[in-house]
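Let me begin by presenting the structure, written as structure tokens, before commenting on it.
The values are calculated or read from the model by the stated rules, or taken from the named source; none is laboratory data. Because the structure is a prediction, the values reported are computed rather than measured. Reconstructed Cβ throughout: ideal geometry from the backbone, glycine too, with neighbour counts over all protein chains shown. Side chains included, ligands, DNA and RNA excluded: accessible areas come from the protein's heavy atoms. Shrake-Rupley method; radii C 1.70, N 1.55, O 1.52, S 1.80 Å.
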Amino acid sequence: MAYCILRTAKLKTIGSISGSLAHTYRTIETPNADSSRTHLNDNSLPSHQQALQAIKDKLPEKTRKNGVLCIEYLITASPDWSGWGTDKQEQYLADARQWLEQRHGSDNVAMVGIQLDETTPHIVAYVIPKDPKGKMN
């Protein structure tokens, strides 16, 4: 039986955001990724530094000392889902991205990456947790 997997992580410092992006952009060793397939990954921004800057640009001038700056999402389906490697895969990942943009507002979705070099394809996204009034929430 196939199922959806949704994981979130609260990132509270620029360092933790940068570390997560280093994994996403494969600028650090990633043992669970197949380096011969890394070129298949598709990130909405071309580099780690550009993604980090996009996140910083979306943050307000002042933030709480222990506040959440960014939410990292991992969205995938169970490894035994019959849609992997078919047209259903592309549609599933596109629907997941659309859900994120509807839930948080497309302006608050700073970066979306599709990872195809690991055992199970998945989306990694970085979202700024702002409410409709622009306040961190």
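How do the pairs read when you match residues in the stretch 53-65 that are farther than 15 Å from G134 by Cα with residues anywhere that are of a type in the set (A, V, I, L, M, F, W, C) and open to solvent by less than 70 Å² (accessible area, probe 1.4 Å), using Cβ under 9 Å and keeping only pairs 6 or more apart or on different chains? From residues that are farther than 15 Å from G134 by Cα, the pairs are Q53/L45; A54/L45; A54/A110; A54/M111. Note on the stretch 1-23: residues that are within 20 Å of S78 (Cα to Cα) and either within 12 Å of the chain's Cα centre (by Cα) or open to solvent by 60 Å² or more (accessible area, probe 1.4 Å) (or both) total 7. Picking from residues in the stretch 85-119 that are touching an Asp or Glu at 6+ places or on another chain (Cβ under 8 Å) and within 18 Å of D34 (Cβ to Cβ), the one that is surrounded by the fewest Cβ atoms within 10 Å (Cβ to Cβ) is E118.
In the stretch 68-81, the residue that is most open to solvent (accessible area, probe 1.4 Å) out of those that are within 19 Å of P129 (Cα to Cα) and in a loop (DSSP other than H, G, I, E, B) is V68. Selection of the stretch 27-44 for residues being assigned to a loop (DSSP other than H, G, I, E, B), under 17 Å from I123 (Cα atoms), open to solvent by 40 Å² or more (accessible area, probe 1.4 Å) and out of contact with any Asp or Glu (no Cβ under 6 Å at 6 or more places or on another chain) yields only S44. Just a yes or no: is a residue in the stretch 21-35 small (G, A, S), touching a residue at least 12 places away in the same chain (Cβ under 8 Å) and in contact with a His (Cβ under 7 Å, 6 or more places away or on another chain)? Looking for residues that are small (G, A, S), touching a residue at least 12 places away in the same chain (Cβ under 8 Å) and in contact with a His (Cβ under 7 Å, 6 or more places away or on another chain), one finds at least one in the stretch 21-35, hence yes.
For the stretch 45-67, the condition of being of a type in the set (S, T, Y), in a loop (DSSP other than H, G, I, E, B), open to solvent by less than 30 Å² (accessible area, probe 1.4 Å) and out of contact with any helix residue (DSSP H, G or I) (no Cβ under 6 Å at 6 or more places or on another chain) holds for none of the residues.
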